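Here's the structure, in structure tokens; my notes come after.
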Amino acid sequence: MKKTDSAAAFQLAQLNIGKIKYPQDSEEMSGFVNALDEINALAEASPGFVWRLKGDAGNAMDYTVIDGETLVNMSVWQDRESLFDYVYKTAHASFLARRKEWFHMPSEGHMALWWVRAGYEPTLDEAVERLKYLRDHGPTPMAFTFKRAFDFDGEPLAPAAQMAKV
């Protein structure tokens, strides 16, 4: 990335993972599984949404990383604000608040953000490498979090918590 590139040339990619407590087809997971279509449709209709990883069933439940119990969610957004608004200011937030019902609480980083060229769809392997990099090195322009983010030029951004107050 060059300082002369414009912000419109970049979009924000995100990966988040979660280790499920129960088998995907169990009664205990039904509240999560049954909400996927609604939550994914909400994401796709949200301002700034660009793309998301999905399998034949229209969701990402077919994809796992690390082990067979760690599910993924990966998407691309126009900018950090769009993703933040979807995650914390829509009905998605109510499901996020219930995550302890379905997922083990992570003992290490479970979400990574990074900039991609507009129109690029990151691979799952690439996303996992970004998450591993974040875990090993902390937030940098290569991979970062809402709390410690960088713009496409690698300059630090204000913490996302400040966006919530606007």
*In whole Å, what are the Cα extents of segment 12-164 along the three principal axes, biggest one first?*
46, 32, 28
*Would you look at the GNM of the chain, springs on alpha carbons closer than 10 Å, and say which of VAL50, VAL65, VAL128 moves the most?*
VAL65
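Test of understanding: ordering ARG148, ARG52 by Cβ neighbours within 10 Å, fewest first, what list do you get? Walk me through the numbers before you get to the answer.
Values: ARG148 15, ARG52 18.
Neighbour counts put them in this order, fewest first: ARG148, ARG52.
State which entries of LYS19/LYS100; LYS21/LYS89; LYS89/LYS147; LYS19/LYS54; LYS19/LYS132 exceed 20 angstrom in Cα-Cα distance in the structure shown. Please list the in-between numbers first.
On the way: LYS19/LYS100 10 Å; LYS21/LYS89 26 Å; LYS89/LYS147 16 Å; LYS19/LYS54 18 Å; LYS19/LYS132 16 Å.
Exceeds cut-off: LYS21/LYS89.
Tell me, what is the percent relative contact order of segment 53-112, built from C-alpha pairs under 8 Å that lie six or more residues apart? If you can, show how the numbers build up before the last one.
Values: 26 pairs, mean separation 9.4, N = 60.
16 percent.
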*So what is the relative contact order of segment 1-142, in percent, for Cα pairs below 8 Å that sit 6 or more residues apart?*
37 percent
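Can you figure out the FRET efficiency of SER26 with SER6, using R₀ = 35 Å and their beta-carbon distance, to the nearest 0.05? Before the final figure, lay out each step's value.
Numbers: r = 48 Å, r/R0 = 1.36.
After rounding to 0.05, the efficiency reads 0.15.
Relative contact order for segment 83-166 using alpha-carbon pairs under 8 Å, separation at least 6, rounded to a whole percent? The partial results should precede the final answer.
Working: 73 pairs, mean separation 17.2, N = 84.
About 21 percent, as a whole number.
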*Between ALA158 and VAL33, what is the spin-label point distance in nm, taking each point 7 Å from the Cα along the Cα→C-beta axis?*
4.3 nm
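Report, in debye and to the nearest 20, how large the dipole of the chain comes out about its Cα centre when Lys and Arg carry +1 and Asp and Glu carry -1 on their Cβ.
Numbers: 18 positive and 24 negative charges, 134 e Å.
Around 640 debye, computed over the chain.
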*What's the FRET efficiency of ALA91 with ALA118 using the Cβ-Cβ distance as r and R₀ = 30 Å, to the nearest 0.05?*
0.60
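Nearest-5 percent of antiparallel DSSP beta bridges in the chain? Spell out each step's value before the answer.
Numbers: 23 of 23 bridges.
Beta bridges within the chain, antiparallel portion: roughly 100 percent.
For the residues LYS89, LYS19, LYS147, what sequence is obtained by ranking on other C-beta atoms within 10 Å, fewest first? Intermediate results must be reported in sequence, preceding the final value.
Values: LYS89 12, LYS19 18, LYS147 9.
In increasing order of surrounding Cβ atoms, one gets LYS147, LYS89, LYS19.
Bear in mind that the values in this text are calculations on the coordinates, not laboratory data. Given the structure is predicted, the values throughout are model-derived calculations rather than measurements. Positions of Cβ are generated from backbone atoms using ideal geometry, with glycine treated the same way; all protein chains shown enter the neighbour counts.
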